[in-house]
1. With the requirement that a residue be more than 15 Å from the chain's Cα centre (by Cα) and of a type in the set (Gly, Ala, Ser), what does segment 24-56 give you?
2. Could you list, ordered by first residue, the pairs with Cβ atoms under 6 Å in which the first is in segment 4-33 and free of Cβ contacts under 8 Å to residues at least 60 places away in the same chain and the second is of a type in the set (Ser, Thr, Tyr), at least 6 apart or interchain?
3. Which of (1) under 16 Å from the mean Cα position of the chain (by Cα); (2) in the same structural domain as residue 12 (by TED's automatic domain parsing) is the odd one out, the single condition residue 81 does not satisfy?
4. Within segment 49-61, does at least one residue satisfy the condition of being under 20 Å from residue 6 (Cβ atoms), free of Cβ contacts under 8 Å to residues at least 12 places away in the same chain, of a type in the set (Asp, Glu) and in the same structural domain as residue 4 (by TED's automatic domain parsing)?
Amino acid sequence: MDTMKTLRQLHESLGVTRRAMQGYEQEGLVAPTGRNKYGHLLYDKEAQERIARIRLYQQLGFRRKEIAELLDAPGQVVKAALENCILRMEQEQKKQADLMERVKELVANIDTQLRMEEM
């Protein structure tokens, strides 16, 4: 079973663009593992997992410099960074929930006003 993937296959499976991959490669975050007979760059399983982690870290809001540090950091460093990320997300989630409640109250007040105007 061949686990090597081309850039097109990575795009299909991970949603990574050619431009993003070029950026990852220029910054030394990932490197192709080889080329196929057509000259297309290939990425092995380890590179694919690394790319998936890069994408996840980006979605979590980490900057590329931080990602570069996290990729090869000891487990405890990665764990601490992710735990801090979880705390930030929980705080943001609470803010969003509070904001949603305020908006629901506003909508309910408007509904009440509209009903009163209809009378």
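1. 28, 31, 34, 39, 47 - these are the residues of segment 24-56 that are more than 15 Å from the chain's Cα centre (by Cα) and of a type in the set (Gly, Ala, Ser).
2. 5/43; 30/24; 32/43; 33/43
3. If we test residue 81 against (1) under 16 Å from the mean Cα position of the chain (by Cα); (2) in the same structural domain as residue 12 (by TED's automatic domain parsing), just (2) comes out false.
4. Yes - at least one qualifying residue is present in segment 49-61.
The values are calculated or read from the model by the stated rules, or taken from the named source; none is laboratory data. Remember, predicted model here, so these are calculated numbers, not experimental data. Every residue, glycine among them, receives a Cβ derived from its backbone with ideal geometry; neighbour counts consider all protein chains shown.
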